[in-house]
Structures are given as structure tokens and as C-alpha cells.
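Undergrad: Just passing along the structure, written as C-alpha cells.
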Amino acid sequence: MTPTRALILVDIQNDYFAGGLWPVENMDRVADAAANVLDAARKAGDLVIHIRHEATSDAAPFFRPGTTGADIHPSVAPLGNESIILKYRPNSFHQTDLQDQLQSAGIRDLTIIGAMTQMCIDATARAARDLGYNVTLVADACGAKAMTFGATALTAEQVQAAFLAALAMSYATVI
């Protein structure tokens, strides 16, 4: 059976977990939800693509080349028939073969999960919609990090809500 949908798992990597170089709040909970989404996608016969972000320098704050921190977390470990795409920028389509893989498989519908909502999930979802894909984001399978801008400090929950609300306006269906 030819898949009609694809699940894109973005940057569910060790450095985002407790003990990693750039922990994301509630990443264990996010990974549990992501593992459930992954299991459902596999059972449905969806195309599954794992995105792995790697920094371009050993001096980067996280996802350093060749480190275990840059490895995909075991909770969503790829199977042998699942593609792993290496990227160097937040947008998973930028200078990767993601678009080619999706097009050659005839995929039009994407479910995107992973981290961080305010960076790579946002950039990938917007790019996917701009390329004509129908995009679904699974909120509890996406993780955000607290941020500060000037004198304004935002919790991870506020960052998550702000970005998902903006994406839900015209870029994705958020469930």
C-alpha cells in the first residue's frame, strides 16, 4: 500500500532531554506523545521521516557534530526502512532532500512533531505549507523552551501557546 501521509519527526534528539546540553521543558512528556504518534503512523502505513539537526561547529551550544547529544533519542528510534535527514538550519526543507522524498512518494499531507516549537517546528511547518502541503501539528508531541525578549520572560507554555496559535491561523491544523 502506498502511503498518502507522512509523519515528520523533527529534532527529537538527546541534547533536548534532561542531562543534555539544551534541555527543553517537559521533553520526556513530549517524547512519550511523539512515540505514540509514531506508533500510530507506522500502523497506518504512513511514510515516516526523521529529521536530525546537527550544528556546523564543535563550538556550538548543542547538537555538536559526532556527539551523542546530536543523536535521535531512543524513544523514537528510526526503523531500518525510515529515512533520516540531516539538516543544519531550522527549516527541515532547507538544503535537504525532504521535498524530493515527499514528492517522489506522492505525499500531500504532513503531520509534524518534535522540538523546538518556536524554531524548527515553526520554520518547517511554514515552509511545508508554503510548498503546498496540508500540515497537521500535534501539540502535545511538540516541545518549546522558555524564552526572554528584552524585559519579557515567557514560560515554555506561553511560548508553545503563542507559536501554535500563530501557526493555527493559516499554516497548520493544530490538534
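The values are calculated or read from the model by the stated rules, or taken from the named source; none is laboratory data. None of the values given here were measured: they were computed from a predicted structure. Ideal geometry is used to build each Cβ from the backbone, glycine not excepted, and the neighbour counts take in all protein chains shown. Quick note on the areas: whole protein, heavy atoms, side chains included, nothing else; ligands and nucleic acids left out. Shrake-Rupley method; radii C 1.70, N 1.55, O 1.52, S 1.80 Å.
Undergrad: At a probe size of 1.4 Å, how large is the accessible area of Met116, to the nearest 10 Å²?
TA: Solvent-accessible area, nearest 10 Å²: 20 Å².
Undergrad: Now a separate question. How big is the gap, in Å, between the Cα center of segment 28-59 and the Cα center of segment 98-149?
TA: Comparing the Cα centres of segment 28-59 and segment 98-149, I get a distance of 11 Å.
Undergrad: Of the listed peptides 31-44, 70-83, what is their order by residue-averaged count of other C-beta atoms within 10 Å, with the highest listed first?
TA: Working: 31-44: 17.0, 70-83: 14.6.
Top to bottom by mean Cβ count within 10 Å: 31-44, 70-83.
Undergrad: Here's another thing I want to ask about it. As a check on your grasp of the helix formula, calculate [θ] at 222 nm for the chain: sum -39500 (n - 2.57) over DSSP H runs of n ≥ 4, divide by the residue count, round to the nearest 500. Walk me through the numbers before you get to the answer.
TA: On the way: 4 runs with 49 residues, N = 175.
The helix-only estimate for the chain comes to -8500 deg cm²/dmol at 222 nm.
Undergrad: Given a 1.4 angstrom probe, I'd like the percentage of the accessible area of the chain that is carbon and sulfur, rounded to a whole number.
TA: Numbers: 4590 of 8410 Å².
In the chain, the share of accessible area belonging to carbon and sulfur is 55 percent.
Undergrad: Excluding ligands, DNA and RNA, what is the solvent-accessible area per residue of segment 46-166 at a probe of 1.4 Å, expressed in Å²? Kindly include the intermediate steps, with their values, before the conclusion.
TA: Values: 5630 Å² over 121 residues.
With the other protein chains kept in place, segment 46-166 gives 47 Å² per residue.
Undergrad: With both partners inside the chain, how many of the DSSP beta bridges are antiparallel, as a percent to the nearest 5?
TA: Working: 4 of 28 bridges.
Just about 15 percent of them are antiparallel.
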